[in-house]
1. From the gyration tensor of the Cα coordinates in the range 1-158, what semi-axes in whole Å does the equivalent ellipsoid have, largest first, with each one equal to sqrt(5λ)?
2. Report the label-to-label distance for A270 and H216 in nanometres (one decimal), using points 7 Å from each Cα along the Cα→Cβ vector.
3. Summing -39500 (n - 2.57) over the DSSP H runs of n ≥ 4 in the chain and dividing by its residue number, what mean residue ellipticity at 222 nm do you reach, to the nearest 500 deg cm²/dmol?
4. Can you give the extra length, in nm with one decimal, that the chain gains between S285 and F15 once fully stretched, where that is 0.36 nm per residue apart less the Cα-Cα distance?
5. Given the Cα atoms of the chain, and with Rh set as the inverse mean 1/r over their pairs in the Kirkwood sense, what is Rg to Rh to two decimals?
6. For the chain, which whole percent of the accessible surface, found with a 1.4 angstrom probe, sits on carbon and sulfur atoms?
7. Over all distinct Cα pairs, what is the inverse of the mean 1/r for the range 38-80, reported as the Kirkwood hydrodynamic radius in Å?
8. Going down the list K67/K278; K67/K189; K189/K232, which pairs span over 24 Å between their C-alpha atoms?
Amino acid sequence: MNTSSLELLSEHACFGGSQRFYRHDSREIGLLMRFSVFLPPQSANGAVPGLLYLAGLTCNEETFMIKAGAQRMAAELGIALIAPDTSPRGANVPGESDAWDFGLGAGFYLDATKAPWSTHYRMESYITRELLPIASSALSLDAERMGIFGHSMGGHGALTLALRHTDLFQSVSAFAPICAPSQCPWGRKAFTGYLGSEESTWAAHDASALMSALQHAPYPAGILIDQGLADKFLQEQLHPQSFEAACRTAGQPLQLRHHPGYDHGYYFIASFIEDHLKHHARQLSA
């Protein structure tokens, strides 16, 4: 994998490790892309497992690293954290900035098939075929020990990419994920715009539909989902019960935790981030 285009934008000492921000020319996107990486102190002595975080609507590659408070525990556990941007930037697709929940900052971690989005909005291929190989090669990460998690739109991305690429990811979890995008306004808007109005094509990017179609548990060590009960998006947009039912059908162990009083934001994520990192550490060290 050619990593010569990687440009280090900034680097900061953090809990004995290094918090870095990069930019590079993306082959899959066709534009410059940014991502962030936290390297734990253990990475100085050899390859460490990696944990890919996918952020939610309106966020970028900085959001998680600044707000989640994950670096201290990641340093203790010896896990690298990688966070891509949430969409291409600079595609200049007409209308891409018209709404906060579609287009810029809202790539939904899939490859668009409908013009004009299909040229640059290729987040699934970018993450799985480009970012992970580049990060693993350039930063000495153990590609055989890679987990994925995310929040909201990024929780959707984590679940669907984990189910679509079981060869790449050994563990998965999510915070307040969009569990059944085919059934909610955010997902239906994104799928119609990126994939077209033929709903039969949407199931391939719907975590509940993907899990329902399985006859086995793809992650037998378990999936962890945390959901705040004061989340204003819970009833209309998230539908965790659909994914829970699909896991039951497939025999997939799922720990779906409900938290009274917690909303959809990063105070919620910061409150339970340690549990998620330990969840992944157990599975990535197995």
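The values are calculated or read from the model by the stated rules, or taken from the named source; none is laboratory data. Note that the structure is a prediction, hence the values are computed from the model and not measured. Counting neighbours? That spans all protein chains shown, and the Cβs are built from the backbone with ideal geometry, glycine included. Note: areas computed on protein heavy atoms with side chains; ligands, DNA, RNA excluded. Shrake-Rupley method; radii C 1.70, N 1.55, O 1.52, S 1.80 Å.
1. Details: eigenvalues 141, 52, 35 Å².
The three semi-axes for the range 1-158 are 27, 16, 13 Å.
2. The two pseudo-label positions are separated by 4.2 nm.
3. Details: 8 runs with 78 residues, N = 286.
Helix-only estimate at 222 nm: -8000 deg cm²/dmol.
4. Working: separation 270, 0.36 × 270 = 97.20 nm, distance 2.13 nm.
In short, 95.1 nm is gained.
5. Working: Rg = 17.5 Å, Rh = 18.7 Å.
Computed over Cα atoms, the ratio is 0.94.
6. Numbers: 5470 of 11130 Å².
Here carbon and sulfur together make up 49 percent of the probe-accessible area.
7. On the way: mean 1/r = 0.0896 Å⁻¹.
This gives a value of 11.2 Å.
8. Numbers: K67/K278 19 Å; K67/K189 28 Å; K189/K232 19 Å.
Listed pairs above 24 Å: K67/K189.
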